[in-house]
Amino acid sequence: MGQFRIVRGAVAFAALLVCAPLAAQEKTGIKPGFALRPGTARIVLMRPTILVGAQSIGGVNEPNADWTRQARENIALALRQAQANVGNAMVEYDEGASGEGPLATEYAQLFGALADSVIEYQFFAGNRLPTKKRNDSFEWSIGADLGKLRSLAAADYALFITTRDDYGSAGRKVLQMVAAMGGVGLKSGDHTGYAGLVDLRTGELVWLNADRQMGGDVRTAEGASKRVSQLLEGFPGKSSAAVNGAP
Amino acid sequence: MRRLFPIVMTALTMAVTMAGPTIAADPTLSLPTYTPAYEPRTVDERGLWMEADEEERLLRDSPLRIREGKLEQYVRDVLCREVGAERCQSVRVYVMEVPEFNASMLPNGCMRVLTGLLLRARSEAELASVLGHEFGHFELRHGLTGFKAERRTKDRTAWLAILGAMSRTDITDTRISLLASFYRFTRDQEAAADQMGLRYMATSGYPARTAAEVWRQAMAEQDASEIGHGRTPRHSYVSGYFDTHPTNLNRAMALEAAAARMPGGGEARADEYRAAIAPYLPRLLAAQIKTYDVGATDFILASLAAQSGWTGELLFARAELYRARGNPRDLQMASIWFRDARAAGYAAPELDRDLGLTLLRNGQADEARKALNAYLAARPDASDATMIQTLVATEQ
């Protein structure tokens with residue numbers, strides 16, 4: 001146990017010094033041929049996972065309750081405003097009296113694992129699994145059973161959204177500057193997010209947008225609106241004017 | 001010794017009178033100030049609680065949680081009996097099916113109890129000693145102070161690393177001593193939670209000496225596990241440089257010393273505990289067997305049998321354990337214990353299936369077929385019925 005900790009400490013130490021390489025990476029995947037005509041589908045927005053915090057000097061995540069609450073409100077508002085751009089009816093998930101909350105939570109977790117797999121094995125072209133080699137394929141599924149949830153009966157698609165923000169603290173930024181003077185690259189702040197659309201009839205993931213370098217300060221209304229337009233970038237069936245029109 | 005005598009006398013007097021206020025006046029038994037419906041105040045604490053609230057949602061919705069019956073209610077009742085109805089209002093208990101001897105507490109009062117703990121505890125008092133420890137972490141706000149200590153350590157380490165690299169100074173020693181002081185800090189927190197848990201036990205009437213027994217028992221199980229793996233058991237009093245917890249031996253001795261200065265306490269409530277856990281015992285045993293730790297599992301079974309005798313359930317579990325290891329001698333013992341379990345009243349048809357499979361692997365085809373057919377007759381619609389039918393047919 002003690003040995004293991006030393007090794008882990010050393011790895012964390014190395015990670016601290018080396019800035020994550022920004023490899024060329026795809027950010028959006030869509031099932032070939034998939035399109036969503038405006039006004040044809042009912043989309044349910046699953047409970048978004050939104051966490052906002054600060055990053056201490058040494059990189060420790062400091063969760064912040066106020067920022068997270070602000071971000072949740074701002075993003076919810078921005079999503080409602082973005083509805084017009086999406087072109088289809090979007091309602092927030094409500095388990096009602098179905099008692100399916102635990103299952104919905106499991107699916108949210110499963111979606112996280114699915115999105116991570118897509119990022120790892122599809123978006124990094126050099127890292128593709130043999131079954132994902134072809135450029136024109138996007139074959140990922142969360143399982144058809146999601147569509148069998150009674151609380152999703154009236155819907156055609158489920159939209160999952162996750163954002164995670166750590167804002168570099170003042171101390172972290174000072175450390176970053178000093179490190180830069182010494183020629184060491186150090187990252188300050190961490191902003192990742194992804195959004196995915198699942199076809200409830202088949203369980204297929206028809207669209208995923210994932211970015212580990214998101215912009216827009218979710219603590220403000222304008223920033224959240226920018227973030228949401230980034231999250232929904234390349235959303236199938238969204239008019240191109242809407243993409244450009246976003247701040 | 002001269003100082004100890006009056007304390008022992010006071011303790012004896014209190015044990016006789018058992019008057020609440022008198023106990024609270026004893027400095028060794030003083031509890032932290034209690035704030036009903038505490039709300040976090042600082043940025044750090046509010047952030048940690050928010051994060052804990054999210055984590056608690058996952059626990060609440062987890063498929064590993066044992067929702068059936070009133071197990072969680074019972075565990076919480078034991079906690080409430082220990083820390084008092086008022087204090088325990090701030091706690092939610094989630095029992096998770098994980099065959100590991102542990103429990104943990106989030107800063108917001110969410111308590112996670114693993115079934116491995118429930119399987120090993122032999123009385124309410126033993127369970128309470130662990131619950132009280134976790135509750136101690138909560139009341140002493142260890143989540144917050146621990147977080148701050150971690151941040152402080154990593155912030156300093158980060159500066160050291162950058163400045164050391166720029167000035168070409170070897171900072172390894174300083175970095176290691178910083179880390180070591182952090183781990184010493186977490187060990188101190190554990191020791192403080194141990195002592196706090198002991199106070200809850202003593203004030204509630206659960207015998208405080210039980211806490212040390214839990215760790216003695218854990219050490220004995222560790223020994224059995226090591227021997228089962230062909231290794232030499234060893235316990236040290238001093239913990240390692242980077243250990244998060246004091247060693248079990250250290251904890252046991254510290255708890256024994258502290259409990260000796262406390263009132264003797266009342267009932268450990270072993271019978272009540274056994275009765276409450278009984279409906280879940282087969283499930284807890286099945287999870288433990290899947291750890292494939294023969295030494296530790298055999299130790300746990302023997303410890304349960306010491307209380308209740310070798311019941312059909314325990315014999316069945318032991319047979320399953322040996323069947324899983326599957327040496328010829330294990331298969332022989334397993335088939336004997338399966339039959340003993342049946343004789344002791346273990347009625348589930350799955351016993352016939354597992355006995356049949358054991359006999360089959362041991363080359364006793366005729367007897368195996370008989371047992372497998374008995375299973376198929378009792379469970380014609382079982383999910384593995386087709387497979388078992390195939391086995392019966394091939395062996396003819």
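The values are calculated or read from the model by the stated rules, or taken from the named source; none is laboratory data. Every value quoted in this text rests on a predicted model; they were computed, and no experiment measured them. Cβ placement follows ideal geometry from the backbone for every residue including glycine, while neighbour counts extend to all protein chains displayed. Note: areas computed on protein heavy atoms with side chains; ligands, DNA, RNA excluded. Shrake-Rupley method; radii C 1.70, N 1.55, O 1.52, S 1.80 Å.
Please give me the summed charge of the neighbours of B:Pro36: other residues whose Cβ is under 14 Å from its Cβ, Lys and Arg +1, Asp and Glu -1. Neighbour charge sum, excluding B:Pro36 itself: -2. Contact-buried residues of the range A:146-193, at a threshold of 40 Å² lost accessible area versus the chain by itself: A:Leu175, A:Val178 (1.4 Å probe; DNA, RNA and ligands ignored).
Dipole magnitude for chain A: computed about the Cα centre from +1 point charges on Lys and Arg Cβ and -1 point charges on Asp and Glu Cβ, it is near 420 debye.
Taking the Cα centre of each part, how many Å lie between the range A:168-205 and the range A:22-91? Each part reduced to its Cα centre gives a spacing of 15 Å. Compare A:Asn88, A:Asn74, A:Asn64 in a GNM of chain A, Cα atoms joined below 10 Å, and give the one with the largest fluctuation. Per the Cα network of chain A with a 10 Å cutoff, A:Asn64 tops the list.
Between the listed residues A:Leu149, B:Ala161, B:Phe135, the Cα displaced farthest toward the positive end of the dipole of the protein assembly as shown, a dipole computed from Cβ unit charges relative to the Cα centre, is found at B:Ala161.
Once you keep just the Cα pairs under 8 angstrom separated by 6 or more residues, what percentage relative contact order results for chain A?
On the way: 430 pairs, mean separation 71.5, N = 247.
The normalised contact order for chain A reaches 29 percent.
Centre-to-centre separation between the Cα atoms of the range B:283-341 and those of the range B:32-56: 44 Å. Principal-axis analysis of the Cα atoms of chain B puts helix B:350-361 at an angle of about 70° to the longest axis.
Is there a quick way to get the dipole size of the protein assembly as shown? I mean about its Cα centre, with the Cβ of Lys and Arg at +1 and of Asp and Glu at -1; what is the value in debye to the nearest 20? Could you put the intermediate results ahead of the total?
Details: 74 positive and 75 negative charges, 220 e Å.
Charge dipole, the protein assembly as shown, about its Cα centre: 1060 debye, nearest 20.
What is the diffusion coefficient of chain B in µm²/s, taking the Kirkwood radius over Cα pairs and the Stokes-Einstein relation at 4 °C with a viscosity of 1.567 mPa s? So the translational diffusion coefficient is about 54 µm²/s.
The HN-Hα couplings worked out from phi for the range B:290-303 by the Karplus form 6.51 cos²θ - 1.76 cosθ + 1.60 (θ = phi - 60°) are 6, 6, 6, 9, 5, x, 5, 5, 4, 4, 5, 4, 5, 5 Hz, whole numbers, x standing for Gly and Pro. Straight-distance candidates among the aspartates and glutamates for linking to A:Lys226, with alpha-carbon spacing under 13 Å and chain neighbours fewer than 8 residues away dropped: A:Asp217.
Counting only residues at least eight positions apart within a chain, or on another chain, the lysines with an alpha carbon under 25 Å from that of B:Lys154 are A:Lys173, A:Lys187. Normalised by the number of residues in chain B, the mean separation of alpha-carbon contacts (under 8 Å, six or more apart) gives a relative contact order of 14 percent. Remark on the range B:154-168: accessible area falls by at least 10 square angstrom from chain-alone to full-complex state for B:Lys154, B:Asp155, B:Ala158, B:Trp159, B:Ala161, B:Ile162, B:Ala165, B:Met166, probe 1.4 angstrom.
With contributions of -39500 (n - 2.57) from each DSSP H run of at least four residues, the per-residue ellipticity at 222 nm computed over chain B stands at -21500 deg cm²/dmol.
Given DSSP loops and a limit of at most 14 other Cβ atoms within 10 Å, what is the longest stretch of chain B that contains no such chymotrypsin sites (Phe, Trp or Tyr not before Pro)?
Details: sites that count: B:Tyr34, B:Tyr237, B:Tyr241, B:Tyr292.
In short, B:35-236.
When the Gaussian network model of chain B links Cα atoms closer than 10 Å, the mean-square fluctuations of B:Leu281, B:Leu79, B:Leu255 top out at B:Leu281.
Among the chymotrypsin sites (Phe, Trp or Tyr not before Pro) in the range A:72-133, those located in a DSSP loop and surrounded by at most 15 other Cβ atoms within 10 Å of their own Cβ are A:Phe124. Qualifying trypsin sites (Lys or Arg not before Pro) in the range A:83-137, where qualification requires a DSSP coil assignment and no more than 16 other C-beta atoms within 10 Å, comprise A:Arg128, A:Lys133, A:Arg134.
So which trypsin sites (Lys or Arg not before Pro) in the range B:246-295 pass both tests, a DSSP loop state and at most 16 other Cβ atoms within 10 Å of the Cβ? Before the final figure, lay out the partial values.
Details: sites: B:Arg251, B:Arg261, B:Arg269, B:Arg274, B:Arg283, B:Lys290; in loops: B:Arg261, B:Arg269, B:Lys290.
Filter output for the range B:246-295: B:Lys290.
Cα centroid separation, the range B:221-243 to the range B:183-219: 20 Å. Among A:Ala221, A:Ala180, A:Ala158, which one shows the highest mean-square fluctuation when chain A is modelled as a Gaussian network with alpha-carbon springs under 10 Å? Comparing A:Ala221, A:Ala180, A:Ala158 in a Gaussian network model of chain A, the most mobile one is A:Ala180. Think of the protein assembly as shown as a dipole: +1 on every Lys or Arg Cβ, -1 on every Asp or Glu Cβ, centred on the Cα centre; then among B:Val91, A:Ile161, A:Pro130, A:Pro130 lies furthest on the positive end. Note on the protein assembly as shown: Rg/Rh from C-alpha atoms, Kirkwood Rh, equals 1.01.
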